[in-house]
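Structure first, then comments.
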Amino acid sequence: MLQRVLEPEVMDTAEDARDYDAMDHSAVNRLFATDFLALWTGTSPVLDVGTGTAQIPIQICHQINGRTVRIVAIDLADHMLALARGNVARAGVADRVALEKADAKGFAYPDGHFGAVISNSIVHHIPDPAACFAEMHRVCAPGGTLFVRDLLRPADEGTLRKLVDTYAAGANAHQRKLFAESLHAALTLDEVRALIGRLGYAPETVRATSDRHWTWAAVRSG
């Protein structure tokens, strides 16, 4: 198994933000929104942790099918949030998506404040993700939905290169580098299960959901 190699916690150069936003995550984002909405109880607000350029909140708003939603979308990177504001405005969802700067390792939100907590691809950025999982659990209301998806660390360098060649085939060199570094920084299933186990969740709430992703889907206990 590859050893975890950390990448910068905050992707906050203008180049990082632009290249990330330009990468084609549309299929992944649509699937995330579809899978979350299949589990969501309909209770707002929803907290999106590590929203990046807000593509997933936008996709959720587009798929909501008549239901109402309020989403608080947070990130620690100023350049990401700047692009997110433009994306949200152009998508016409500024009345439903509030963008805020916040650290995933420690929120100012009260306990049980959110009807659901979601996150896509933030966990691999955090050197010690335990605090992030604990905060997601804390601010989710009892009975609320926890839905977290991230990259899965490959077993070896050959598998990593194959994933980059497959899913970043049309990307530029910087985008390919970002993807490779993210795979290297990702967690394994056993690592994620151990972390959520500390919070009282069963290991089977975490499973591999593609050749490069794990998903934690649970109802907030307690």
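The values are calculated or read from the model by the stated rules, or taken from the named source; none is laboratory data. Computed from a predicted structure; not experimentally measured. Cβ sites come from the backbone with ideal geometry, for glycine too, and all protein chains shown count toward neighbours. Heads up: the accessible areas ignore ligands, DNA and RNA and are worked out on the full protein's heavy atoms, side chains in. Shrake-Rupley method; radii C 1.70, N 1.55, O 1.52, S 1.80 Å.
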Revision key, fill the gap. Result row for the chain, helices from DSSP H with C-alpha axial extent 24 Å or more and mean Kyte hydropathy at least 1.6, is none
Revision key, fill the gap. Counting only protein heavy atoms with a 1.4 Å probe and every protein chain in place, the carbon and sulfur fraction of the accessible surface of region 1-158 in whole percent equals 54
Point to revise | the chain - share of DSSP beta bridges that are antiparallel (%, nearest 5) | key: 35
Point to revise | Net lengthening on full extension, Asp156/Lys177 (0.36 nm per residue, minus Cα-Cα) | key: 5.9 nm
Check your understanding: Alpha carbon centre of region 162-218 versus region 36-89: separation in Å?
Key -> 20
Review point. If you place +1 on the Cβ of every Lys and Arg and -1 on the Cβ of every Asp and Glu, how big does the dipole about the Cα centre of the chain come out, in debye to the nearest 20?
Key: 600
Check your understanding: Taking a probe of 1.4 Å, how large is the accessible area per residue of the chain, in Å²?
Key -> 44
Exercise for review: Please give the contour-minus-distance gain from Thr34 to Lys105: 0.36 nm per residue of separation, less the Cα-Cα distance, rounded to one decimal in nm.
Suggested key: 22.9 nm
Exercise for review: Please compute the net charge surrounding Glu135, taking Lys and Arg as +1 and Asp and Glu as -1 over other residues with Cβ under 10 Å from its Cβ.
Suggested key: +1
Check your understanding: So which trypsin sites (Lys or Arg not before Pro) in region 169-222 pass both tests, a DSSP loop state and at most 12 other Cβ atoms within 10 Å of the Cβ?
Key -> Arg198
Revision key, fill the gap. The chain: relative contact order from alpha carbon pairs under 8 Å, six or more residues apart, as a whole percent, is 23
